Structure formats: C-alpha cells, structure tokens
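Presented below is the structure to which this report refers.
The values are calculated or read from the model by the stated rules, or taken from the named source; none is laboratory data. Only a predicted model underlies this, so the values are computations on that prediction, with no experimental measurement involved. Every residue, glycine as well, gets a Cβ built from its backbone with ideal geometry; the counts of neighbours run over all protein chains shown. Accessible surface areas use protein heavy atoms only, side chains included; no ligands, DNA or RNA. Shrake-Rupley method; radii C 1.70, N 1.55, O 1.52, S 1.80 Å.
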Amino acid sequence: MKKLMSLLLAAAALFSLAVPALADGGQDLAPVAVEEPAESPAPNAAEEAPAESLEPDAAEEAPAESLEPDIAEEPGAGQPGLPPEGAAGNGWHAFGGKWYYYLNGSPVVNDWVVDAGRRYHLNSLGETDAGLRQIDGVTYYLNERHDGYYGAVVLGWKQLGGAWYYFDPLANGAMVVNAWRMDGNGMCYLGADGRMATGFVEVDGKTYYLLPSGKKVGTRAAGWQKISGDWYYFEADGTMAVNAWQRDSNGMCYLGADGRMVTGFLEVDGKTYYLRESGAKVGTRATGWQSLNGAWYCFDGDGAMITSDWAIDTNGMCYLGADGRLLSGWQTIDGVTYYLNERHNGSFGVRSVRPTYIDGKMYMFGANGALITNTQVGLLGKTWNVDGNGVIEGYLTATSAQAAAVLDRVGWTLRSAFNWSVGLTYYNRALRAPSGSIHSDFYANYGFQNRRGNCYVMACTFYQMARLLGYEVYFVEGHVANSRGGKGADHGWTEIVQDGKLYVYDPNFTNEMGLNGFKIQYGQRMTWRYQYYQRIE
C-alpha cells in the first residue's frame, strides 16, 4: 500500500503548476512581440508611466486570491485532458498545461467569467485566452504575464510590439480605434488598427500633427512647429491652420492650403504680398520698400503691394506700375508726362521736380513733377525760354558736357560732386579769370581739364555739376576775414538755396582745413568768416 501511494504522489508531481503559454481561442489577430518590462512604461516614453495607467497590477504584487491551484487535479474521462462531468469543483483548474474555469461541474466555453473583479475569456475548448484576441467582433488584450492574473482583460494604455494601444475601461476593455484618448501629457489618437498614431493624421476633415518622439510622443502639437524643414501652425485644439494669416514673434505669416508657411509672392483676396524668404523674419510679410529679383517694390503698412499708384521714399515721389515694379524714365500717367530718375544714385525712380539733365538736354519740371512746356521760367537770376518739348533753351554751355562726364563717373549726387571738387590738387593761388569772361565757365574748364586749381576752380567745378543736378546754385566771390576780423584773403565759394534756406558749399575750405564745408551756413561755428561777397556768373 505504501508503494502504491508513493507512485500516486510521483504522478501528481508531473502536472505543472506553472501558468501555460498563450492558448488558442477567439481569433488570434497577429503574432505580437510583447515587451514586458518590470514596470510598464507610459505611451509617451518607455521610462514614464501614463498619469492614469489602468494596466493590471505588477507581477510582484500578490493577487487577492491566487488562480493557481495548490494541487493539480487528475484528468479523467470526457474531453482530452479534462476530467469527467462533475469531477471538478467550481473555479480555476489547471490540466495538461492549460487553465480552465468550472461552474457546476462543467468547464466554461466560449464565454466570459468574472473573478475577483477581473474578466477572463474561455475559448471553445474551455482554455483561458491570452494576448490580443478578437471576440464577438471586439478586440481585447488578455494578460499574458504569469503574475497571478493570467488571461485577465487589460485596461488602459498598453505597449505591445513597440506600439501603444488603449483598452477602454468603460467598455470592458475593448480596444479603442479611430478615436481620441487622453494620456498624462495630452490628447492622442488611436487609428483603425488601434495603434497610437504619430505624425500627420486627418480626422473628421481636419489635420493634426501628433508628436513622433520625446516624452510627449503621440500627443497632438499646438502652436508653431517646424516639420521636415517647413513651418506649420496648429491651433490650441491641435487643428492645423490652412489658408489663414497667423502671427509669429516677428510679424504676420500665411499658412497655405497644405498648412505650410508660405514664402515669396502671395496673392490673397485680390491683394499681393511678399513673405520674406530667408533670415530671422522668414515667412513674415514685408512692408515698405523692397528690392526683389532686381526690381523695387513698395508694400503698405498691412503688407499689400502698391500697384498703379504713387508712393514716397526719402528722396521724393515714385510710381509703381500695374505689376508693382517701380517705374523709371519718361512716363505718362493720367495724361501727364513725368521723368522718373533712371540713375542708380539713391534716387532711382524718383520723379524730377526741378531742371533735369537728360541725354544732353536740360528739361524743366514743376514742383508736382509734371513736364513744363512752351513757357518762360526764371532760373539763377535769369529768364529762360522752355520749348514745346520741355527743353530749357540756352541753359547748357560747352562746360556742361565736361561736368556731365564727371558726374557719369562719380555718380549723379550733390555729395559725390562736392567730393570730386574737394579732391582737386590746390594750385596757383593767383589764377584769375580774364576780364569779360564768364568766371564760372573759365574756372570750371580749367579744373575739369587740369584736375587742379585754387579756391575759385574748386568752387566753379562744383557749381557746374550742381547746376546739372538741377539745384538753385550760385558762384560767389568775396573775402574771408583775417585773424583780427579784418578783410582777409580773396576767396570763392558757392551758395545753394534748398527748401527756402540758403546754404554755403565751400570745397576749398574742406580741402585746406580738413573740416566740413558741405551745406554749412554763414556765421556757423568752425567755419570761415565770409565777407564782402557777391554772386558772379
């Protein structure tokens, strides 16, 4: 008898008390490599658990009531590996490496059971299901860990095969698909396969961007985001802005139909804008004057391009054509003829409002820029005839051509003309214009031809160039006071009337003293004291 009992005990020891591997049952969706860290990570980062993780208790936590029987029961008649009807009590039993649940002496098959508050599913063979299973058209994840709750329905976030899923506690653990759910960092989206989406996703006709990495992986982005080299903007609810203006820290930007921040020229609601293409303010709309692709444009305070209209710059009025480009040269606008400066001297495109040298002729323009024809005008103390083409008859002299040649080299500006005259080599203090000659022509011719001269030469070369530039300029001869305030040395300089004020331009003063002689006034400190002077032709 003792020998028989020993054999029975040895046979009982052969039955495994360990929980079995994944049992067949329901519909196995796909083989999934399940990552089972000691502590289940959060959906956003492997090391961080979700704020509201509903995963089952960790393996090391002892179950309220262990599902593993103390003694494996002897299999008997009936299904293979199962005892006969009525041979097993209610509850869990392990036979042949599988787990079963008995009620009233029969195993539960194709049905759910609830034990200690957890749900389990038994397949058609009565075996406990585990892993991803589709049961009655609904997908669940049944615990595969041998932690005392093998086969229990998992609730909340679960990472499977490197992807995150959400099993809804309010729907008995059904896998959520095509829906939003909150994790500890924000809203996430579960796709048609239940996986938490990342990157761009379209939901109900709206586009979202779900962060692809980092602690907030899977949560929807908000605000400005740079994605694959392009900028996008997402509203507070995560929806991508399209066909709309949006402000950044540098100005207003525009998001196109695909959500990308637009750069370059853009037409919106019948208006054209230019959105900067590079630099710290890339994408923001430009205002004011802009040089683009070799042409000048002007944009108003709202960034809209000015077209077929006048605009002002620091030098005067300019005109923008129908395509927004700054016009130059002769233009007829609303029946009026204008000349818009063609020289790139800082005043390109500015309309002429005084006598202007154009192609070897001197033309007369009014204060509003309109060409003046068939009349007489008073200039430089004289009366001049203006012909039907607007040309001032007799205004140019033989010396004018030499002055124009210098301006062509140094630039058609008053400052460049002044600097050229200052740069002449001082020579022959006693040089004087012959009696009966036009002093301004004599001295200027000498300077243009010899590149040297005294104060008169310097003043007259500048005078001739200022005259071509259309300024009301006069050549002046007089004296400068000596150290005691008495009558000093003979001297020559120029005067220009600008904006109703009289200014002195003295190239020789700058040449000799190294001080500013450009646009100074009589009696100004750090200048010579001019006396006994008069304007000379």
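Regarding segment 266-273, can at least one residue be identified that is open to solvent by less than 70 Å² (accessible area, probe 1.4 Å), farther than 30 Å from C188 by Cα and basic (K, R)? Please lay out each step first, then the result.
Here is the first cut: in segment 266-273, the residues open to solvent by less than 70 Å² (accessible area, probe 1.4 Å) are 266, 268, 270, 272-273.
Those left that are additionally farther than 30 Å from C188 by Cα: 266, 268, 270, 272-273.
From the residues that got through so far, the ones that are basic (K, R) too are none.
No, because not a single residue in segment 266-273 is open to solvent by less than 70 Å² (accessible area, probe 1.4 Å), farther than 30 Å from C188 by Cα and basic (K, R).
Looking at (1) modelled with pLDDT of 95 or more; (2) touching a strand residue (DSSP E or B) at 6+ places or on another chain (Cβ under 6 Å); (3) open to solvent by 10 Å² or more (accessible area, probe 1.4 Å), which is the only condition N90 fails?
Checking N90 against (1) modelled with pLDDT of 95 or more; (2) touching a strand residue (DSSP E or B) at 6+ places or on another chain (Cβ under 6 Å); (3) open to solvent by 10 Å² or more (accessible area, probe 1.4 Å), the one that fails is (1).
Of the residues A404, A398, A370, which is of a type outside the set (V, I, T) and open to solvent by 30 Å² or more (accessible area, probe 1.4 Å)?
When all the criteria are applied, what remains is A398.
Being open to solvent by less than 10 Å² (accessible area, probe 1.4 Å), at pLDDT 95 or above and more than 60 Å from the chain's Cα centre (by Cα): is that true of Y102 here? Walk me through it before giving the result.
Values: open to solvent by less than 10 Å² (accessible area, probe 1.4 Å): yes; at pLDDT 95 or above: yes; more than 60 Å from the chain's Cα centre (by Cα): yes.
Yes, satisfied.
Quick check on G360: is it of a type outside the set (D, E), over 17 Å from Y319 (Cβ atoms), surrounded by fewer than 16 Cβ atoms within 10 Å (Cβ to Cβ) and in contact with a helix residue (DSSP H, G or I) (Cβ under 8 Å, 6 or more places away or on another chain)? Talk me through it step by step, then tell me what you get.
Working: of a type outside the set (D, E): yes; over 17 Å from Y319 (Cβ atoms): yes; surrounded by fewer than 16 Cβ atoms within 10 Å (Cβ to Cβ): yes; in contact with a helix residue (DSSP H, G or I) (Cβ under 8 Å, 6 or more places away or on another chain): yes.
Spelling it out, G360 is indeed of a type outside the set (D, E), over 17 Å from Y319 (Cβ atoms), surrounded by fewer than 16 Cβ atoms within 10 Å (Cβ to Cβ) and in contact with a helix residue (DSSP H, G or I) (Cβ under 8 Å, 6 or more places away or on another chain).
Condition test on G381, is it touching a residue at least 40 places away in the same chain (Cβ under 8 Å) and open to solvent by 40 Å² or more (accessible area, probe 1.4 Å)? Can you show your working first?
Numbers: touching a residue at least 40 places away in the same chain (Cβ under 8 Å): yes; open to solvent by 40 Å² or more (accessible area, probe 1.4 Å): yes.
Considered against the rule, which asks whether it is touching a residue at least 40 places away in the same chain (Cβ under 8 Å) and open to solvent by 40 Å² or more (accessible area, probe 1.4 Å), G381 comes out as yes.
Output the qualifying pairs, or none if there are none: Cβ atoms under 8 angstrom, residues six or more apart or on different chains, first residue in segment 96-116 and touching a residue at least 60 places away in the same chain (Cβ under 8 Å), second residue hydroxyl-bearing (S, T, Y) and in a loop (DSSP other than H, G, I, E, B).
G97/S16; W99/Y150
Taking A311 as meeting all but one of (1) among the small types (G, A, S); (2) in contact with a strand residue (DSSP E or B) (Cβ under 6 Å, 6 or more places away or on another chain); (3) not in a strand (DSSP E or B), write down the number of the exception.
A311 satisfies every listed condition except (3).
Looking only at segment 314-357, count every residue that is in a loop (DSSP other than H, G, I, E, B) and either in contact with a helix residue (DSSP H, G or I) (Cβ under 9 Å, 6 or more places away or on another chain) or in contact (Cβ under 8 Å) with a residue 12 or more places away in the chain (or both) and tell me the total.
Of the residues in segment 314-357, the ones in a loop (DSSP other than H, G, I, E, B) are 314-315, 321-325, 327-328, 334-335, 341-350, 352-355.
With the extra rule that they be either in contact with a helix residue (DSSP H, G or I) (Cβ under 9 Å, 6 or more places away or on another chain) or in contact (Cβ under 8 Å) with a residue 12 or more places away in the chain (or both), the set shrinks to 315, 321-325, 327-328, 341-343, 345-350, 352-355.
The qualifying residues number 21.
Does W330 count as in contact with a Cys (Cβ under 8 Å, 6 or more places away or on another chain), surrounded by fewer than 19 Cβ atoms within 10 Å (Cβ to Cβ) and over 25 Å from V262 (Cβ atoms)?
Numbers: in contact with a Cys (Cβ under 8 Å, 6 or more places away or on another chain): no; surrounded by fewer than 19 Cβ atoms within 10 Å (Cβ to Cβ): yes; over 25 Å from V262 (Cβ atoms): yes.
Criteria not met by W330.
Can you tell me which residue within segment 226-243, out of those that are loosely packed, with under 14 Cβ neighbours inside 10 Å and over 10 Å from the mean Cα position of the chain (by Cα), is nearest to R181 (Cα to Cα)?
D237
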